[in-house]
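Shown next, in structure tokens, is the structure this report addresses.
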Amino acid sequence: METTVAEDQAAGPGRPPAPRGARGTVARLPRAVARLLRLPGGRARRWAAWCAVPPLAVVSVVVLCRAADTDGITPIPQLLAFLPWLLVPAALGLLLSTAARWPLGCGWALAAAAATGWFIQPYDGGSPPEPRGPVLARLRVMTANLEFGQAREGLLSALRRERPDLVAVQECDTRCAEALDSAAVRGAYPYRSVALGDSAAAGSAILSRHPLTRTEGVRGTLRMPGAVVRVAGQRLRMQVAHPMPPMPGQLDLWRTELGRLRAYADGRGGEPTLIAGDFNATQDHAALRALLDTGLRDGARATGESRTPSWPSATTPFLGAQIDHVLVSRGLRPRTARFLDLPHTDHRALLVELDLYGPQS
């Protein structure tokens with residue numbers, strides 16, 4: 001085989017001539033890939049590149065679980081609750097990769113940030129079509145987690161100020177139950193279902209200005225009472241949500257209890273239904289998206305508040321997760337949603353104004 005002088009010189013003594021054509025291109029690919037994967041030279045640049053790997057790896061694993069529609073194992077569910085904030089470690093990875101002049105790291109960081117940004121979009125899921133027909137009533141629905149009953153005075157103040165028609169209360173202890181049993185509250189809310197548990201966090205309650213009939217509710221470690229409310233001659237199913245949080249070692253329980261809420265929503269039939277409470281889950285959790293996929297609409301999402309944090313109240317509204325929701329079926333149309341600050345609780349209350357429509361075809 002003939003070679004040029006330049007090729008012979010490039011090959012050097014004792015080396016075979018460089019392959020030409022397609023074979024040469026294939027032979028050069030592994031070297032190009034190796035150069036791409038190789039960390040940059042120099043101690044400072046190599047150190048910056050190594051420091052970029054952990055934040056980018058964390059973001060990538062969480063985003064991949066989000067894309068795969070799974071909540072994974074600890075700490076993935078906990079990190080998913082704060083998915084928008086994963087843009088911070090992605091930006092840190094990009095900064096470090098740029099300082100290291102590491103092309104692969106820069107591309108990795110940009111891809112991780114783009115994927116995170118894509119999933120920040122509000123989840124629409126199986127939202128029902130807009131209801132049609134006459135509006136029977138306009139309802140104001142509030143949900144509030146009182147953190148071991150400590151925020152009961154704040155709740156009473158909000159009830160006087162906001163005058164909601166239906167109220168879902170979580171973490172209602174015996175002191176909370178006594179406060180809700182006062183003459184003033186009974187005068188404003190003559191209908192109620194109070195279910196106390198074996199701890200200050202376990203109790204829940206439903207308050208209503210309209211007649212209600214208690215139902216069995218959804219079974220859970222924390223009490224989740226249910227009711228059928230009669231509004232303007234229309235039956236409205238109401239369910240309190242308070243599944244266990246996704247604590248390490250308790251993820252199966254968290255999924256199971258959210259699954260029971262999903263089964264409740266899936267078996268609602270054609271009656272208007274609302275589920276309100278502390279779901280301990282955001283739209284970035286597959287377990288909550290499965291609930292929305294039954295055809296429920298998130299009241300905050302429907303009114304442009306899908307990323308407004310409700311917990312922990314110490315850092316909201318700047319940092320936090322929206323784990324308190326009012327979910328509604330067809331026949332209920334959210335009009336407005338507001339998050340309210342209550343003293344002495346780590347949650348913000350949520351107030352949603354709804355239109356209740358007549359029977360839907």
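The values are calculated or read from the model by the stated rules, or taken from the named source; none is laboratory data. Keep in mind that this is a model prediction, so the values were computed, not measured. Here Cβ is always computed from backbone atoms with ideal geometry, including for glycine, and neighbour counts include all displayed protein chains. When the accessible area is computed, the model is the full protein with side chains, heavy atoms only, and any ligands, DNA or RNA have been set aside. Shrake-Rupley method; radii C 1.70, N 1.55, O 1.52, S 1.80 Å.
With a cut-off of at least 3 residues that are open to solvent by 40 Å² or more (accessible area, probe 1.4 Å), name the strands (runs of 3 or more DSSP E) lying wholly within region 288-361.
Where strands (runs of 3 or more DSSP E) fall fully within region 288-361 and carry at least 3 residues being open to solvent by 40 Å² or more (accessible area, probe 1.4 Å), they are 332-340.
Any chance you could count how many residues in region 243-270 are open to solvent by 10 Å² or more (accessible area, probe 1.4 Å) and touching a His at 6+ places or on another chain (Cβ under 9 Å)? Steps first, please.
Taking region 243-270 first, the residues open to solvent by 10 Å² or more (accessible area, probe 1.4 Å) are 244-253, 255-256, 259-260, 262-264, 266-270.
Narrowing further to those that are touching a His at 6+ places or on another chain (Cβ under 9 Å): 246.
Summing the residues that are open to solvent by 10 Å² or more (accessible area, probe 1.4 Å) and touching a His at 6+ places or on another chain (Cβ under 9 Å) in region 243-270 gives 1.
Inside region 142-242, counting only helices (runs of 4 or more DSSP H) that do not spill past its ends, which hold 2 or more residues that are open to solvent by less than 10 Å² (accessible area, probe 1.4 Å) and touching a strand residue (DSSP E or B) at 6+ places or on another chain (Cβ under 8 Å)?
On the way: elements: 152-162, 174-180, 183-188.
Result: 152-162, 174-180.
With (1) surrounded by fewer than 23 Cβ atoms within 10 Å (Cβ to Cβ); (2) part of a strand (DSSP E or B) as the list, and Ala276 as the residue in question, which single condition is left unmet?
(1)
What tally of residues in region 96-110 results from selecting those that are open to solvent by 60 Å² or more (accessible area, probe 1.4 Å) and under 28 Å from the mean Cα position of the chain (by Cα)?
Taking region 96-110 first, the residues open to solvent by 60 Å² or more (accessible area, probe 1.4 Å) are 98-99, 101, 103, 108, 110.
Then keep just the ones that are under 28 Å from the mean Cα position of the chain (by Cα); that gives 108, 110.
So the answer is 2.
Any residue at all in region 305-321 that is over 10 Å from the mean Cα position of the chain (by Cα) and closer than 19 Å to Pro128 by Cα?
yes
Can you find, within region 243-264, the residue that is nearest to Thr282 (Cα to Cα) among those that are assigned to a helix (DSSP H, G or I) and not hydrophobic (A, V, I, L, M, F, W, C)?
So the residue we want is Arg255.
Among the residues of region 120-133, are any of a type in the set (Lys, Arg), in contact with a helix residue (DSSP H, G or I) (Cβ under 7 Å, 6 or more places away or on another chain), farther than 22 Å from Pro246 by Cβ and open to solvent by 40 Å² or more (accessible area, probe 1.4 Å)? Quick ask: steps written out before the conclusion?
Our first condition is that a residue be of a type in the set (Lys, Arg); within region 120-133, this holds for 132.
Add one more test, that the residue is in contact with a helix residue (DSSP H, G or I) (Cβ under 7 Å, 6 or more places away or on another chain), and what stays is none.
Within region 120-133 (the criterion being of a type in the set (Lys, Arg), in contact with a helix residue (DSSP H, G or I) (Cβ under 7 Å, 6 or more places away or on another chain), farther than 22 Å from Pro246 by Cβ and open to solvent by 40 Å² or more (accessible area, probe 1.4 Å)), the answer is no, since none of the residues qualifies.
Which residue is nearest to the chain's Cα centre (by Cα), if the candidates are limited to region 322-361 and must be within 17 Å of Asp165 (Cβ to Cβ) and of a type in the set (Val, Ile, Thr)?
Restricting to residues being within 17 Å of Asp165 (Cβ to Cβ) and of a type in the set (Val, Ile, Thr), the top hit is Val326.
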